[in-house]
Structures are given as structure tokens and as C-alpha cells.
Amino acid sequence: MKTKDLKFNSKLVHSGHFKDKFNSVSVPIYQTSTFAFENADHGAACFAGECKDYIYTRLGNPTINALENCIAELENGFGGIATASGMGAVTTVYMAILEQGAHIICSDAVYGPSRTVLETLFAKFGVEVSIVDSTNIENIKAAIRSNTKMIFVETPANPTIKLTDLKACSELAKKHNIILTVDNTFSSPYLQKPLDLGADIVVHSLTKFLNGHADIVGGIIVTATEELFKKIKPVMTNMGPNIDPHQAYMVYRGIKTLAVRMEKAQSNAMKIAEFLEAHPKIEWILYPGLKSHPQHELAKKQMSGFGSMMSFGVKGGYEAGKKMINNVQLATLAVSLGGVETLIQHPASMTHSKVSAEGKISAGITDDLVRFSVGIEDVDDLIADLKQALAKV
Ligand code: LCS
């Protein structure tokens, strides 16, 4: 049975697996930098692309390939290109698609470095950048120029939990022959499949939900087509932000429990969001599963669940939020997200601190914004923790 024809939960367990000499049930870690050739002709044939044998781990490795094939199937894409980090994936896509004089439209609601690398490094190489509020498709439409090569969005976005309408966005991109790249980190393919909605490229920080255990850093690019795959893969292999086989193994192992982790985390998140929304010390809360989220209907349309990421403000602003953050006992004060453990952080001074003050204001990364990544602990314990921390505010 071909794994690509299986249903999603079966794919999580079986996609990417290959039969080896020992019939290993778990894909082994091929912790090797290089692979021996039979003879000189074999080596030459490998380099000439006349045989599919492995050459060198930066170019390809069985453990890494298992991971790449697995995620490509989960995203219904053509192929996957794993990288050393999520930023390795984002910047490899930028490098492959953009060029001097090209223009990119980037949502204002993205992970800080995905935006700042465009405004600093890529701008230095002559790439034009427009940062827009992508919650309204008209803003993207208005920003299109004759040299626009890519639209880059993240939905739900870090840390504002803003959504972008992927179907509308992909229709617009197609009409203007622009590549649409979607950072799907916050949803994972369990909750949202951007390629099915018309996107051309998906990127992930594997560090988050796909791995799920806060013990590695990694990234991946999945392309819809062979053409895009062939354009991006050599950029990765030549520039060298490849993932390590051990990292790849850890993510591949984590993926097998993605569905059960996501289900538990998002069920916890819904209860926590309702608790916070009703709490007198909470000024505002954004969680796609709440009816009060301005894009709740869009979330229902393009996601199969609401995930486990939320942002909120405590009455009294930054000082009050800081007091709360400093008083949680079960949740951990740390950046990153999407692991089995609940994390809390303050984006304006941490993950998004390098975004300019005006950039933060226009993107809605306010000083009082507290970001919460809900884990799979018992929800009663998490709520009790939030209750005692808020009592100290
Ligand atoms: N995309 C999103 C949506 C992210 O949240 C992150 C990291 C990245 C890309 C980059 O991935 P990395 O290179 O770290 O694997 N987000 C982080 C965060 O919110 N806190 O720490 C890292």
C-alpha cells in the first residue's frame, strides 16, 4: 500500500519509512557524513545524477530523506527539503526565489526574523520589501508591483494570532504569477494544508509542533511542484543549511504522535482561552477558537482545528503582564512553542524585539501582549497556575 494514499493519521505513523537490510521498524539514524562508492565509475555516475545512491549528507541522507518524504506527504506536496532551522528554511526560499531588483510582499504578522532578514540583509542585496497587514487581502493586492516575485504569509501568525485567507491569497498570487509561500508552523499539517488551498511553498520551523518535544531545532520547505523543488534544492545543498541526521530522526519520531499531541493541546487551549476571556484581570484575548476572534469564521473555514497558541493582555499593561509571567509556576517562561510543555513569553521584548517600534505598533505587537503556547499537561493544573499567577497581579 502506498503511504501517500493513506489517511492522515496513518501517514503520520508510516510515511517516509523505508525497508532496510535488517527490516528495522524504526528508521535508523544514518550518522555519517559520507557514503563510499563501489569504484570510480560508480562515484562519477552518482555525481552525474545517473544513479540514486547517497553521496554526502549535505546532499542527501537516508534518515533526512525519510523525514522529507514524510512531511511532503503530510502537506500533499511534491517534495521536502529539510534544513537546520526554521529560519534556514525561510531564508533558503527567499534566496531561491528572490533576486536583485525583485519585490516581496511580506505580512506584518510573521515571526520577527522572517521579516527583519528581508528589511536588513535582503534589502542590502537590492530586494524591495513591502510589509502589509495581510488580514485584508486588498492590502496585498494594492502592494503588487510588476517585479513582485513572492508573497510571504504566516497564518495563524506569531504572536498576533492574525489569520490570512489562504484561498483568496493564492488566487491573487496565481493571477499575477507570484509565488505564494506560507509559514504553516502554528497549525502544522494536522490543522491546515496551505498547498491544498493553492499555495506554492510551505515552510515550517520543525522546532515546534512537528517535533513537539523542545529538544531540537530544525526546519523544512515543501514545494507543490517538481519545478520549484528543483529550483530550491540546489540553493540548500550549495549554501549548506542542511539538517543533521540525528536532528532529522528526532523530528521524524516526534511526528508519529502529532495528532494526539495536537488534539490534547488544542482541547486544553480552548478551555484556557474560555477561562482567560472570563477572567476580570484579562483585558483582551485572541484565540482562533473563540467567537470573539475577529477571524473566527475564517479559522473554521481553512483550519480543521484552532491550535494551541494564544495571545492576551493583562489589565494594567506591560507591568501587570510581567508580574503574571514572573509568577507562573507550571508554565515555563521561555521562547519557542508547540512542545508538550506549556510556555509563556513576552514577544515585544523577546522574540520580536528586533522589529522596529513602529513596525511593532502597526503589526499589533503591543507592549502588553503575552504569548501562551499550551502544552499537553492536565488542563486543571494549567488553569490553577494561571489563576494563582493572576491573583498576584
Ligand atoms: N516561523 C515561525 C512561525 C516561528 O515561530 C519560528 C521560530 C520560525 C519560523 C523560525 O524557526 P527556528 O529557526 O527557530 O526553528 N519561533 C520562535 C518563537 O516564537 N520563539 O522562539 C523561536
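The values are calculated or read from the model by the stated rules, or taken from the named source; none is laboratory data. Because the structure is predicted, anything quoted here is derived from the model rather than measured. Using ideal geometry, Cβ is built from the backbone for each residue, glycine included, and neighbour counts are taken over all protein chains shown.
Results, tabulated for the structure shown:
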{"read-out": "Residue tally, condition assigned to a helix (DSSP H, G or I), among the small types (Gly, Ala, Ser) and under 23 Å from the mean Cα position of the chain (by Cα), over region 354-393", "value": "3"}
{"read-out": "Where LEU195 falls short, out of the listed (1) under 30 Å from TYR249 (Cα atoms); (2) of a type in the set (A, V, I, L, M, F, W, C); (3) within 16 Å of the ligand (Cβ to nearest atom)", "value": "(3)"}
{"read-out": "Unique match (being more than 28 Å from GLY219 (Cα to Cα) and in contact with a Gly (Cβ under 6 Å, 6 or more places away or on another chain)) among VAL379, VAL314, VAL340", "value": "VAL314"}
{"read-out": "Answer from HIS176, HIS213, HIS204 - the residue that is away from the ligand (no atom under 11 Å from the Cβ), closer than 23 Å to GLU341 by Cβ and in contact (Cβ under 8 Å) with a residue 12 or more places away in the chain", "value": "HIS213"}
{"read-out": "Of all residues making up region 216-230, the number that are crowded, with 24+ Cβ neighbours inside 10 Å and either near the ligand (Cβ under 9 Å from one of its atoms) or aromatic (Phe, Trp, Tyr) (or both)", "value": "2"}
{"read-out": "Residue count, region 321-364 (criterion: closer than 24 Å to LEU118 by Cβ, within 11 Å of the ligand (Cβ to nearest atom) and hydrophobic (A, V, I, L, M, F, W, C))", "value": "3"}
{"read-out": "Residue match in region 88-103 (condition: more than 16 Å from the ligand (Cβ to nearest atom), over 24 Å from VAL217 (Cα atoms) and either buried (at least 24 other Cβ atoms within 10 Å of the Cβ) or without any contact (Cβ under 8 Å) to a residue 40 or more places away in the chain (or both))", "value": "yes"}
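Okay, residues lined up against (1) outside any strand (DSSP E or B); (2) at pLDDT below 95; (3) more than 21 Å from LEU228 (Cα to Cα):
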| site | (1), (2), (3) |
| --- | --- |
| PHE18 | yes, no, yes |
| ASN23 | yes, no, yes |
| SER26 | yes, no, yes |
| LEU59 | yes, no, no |
| ILE64 | yes, no, no |
| ALA82 | no, no, no |
| TYR94 | yes, no, no |
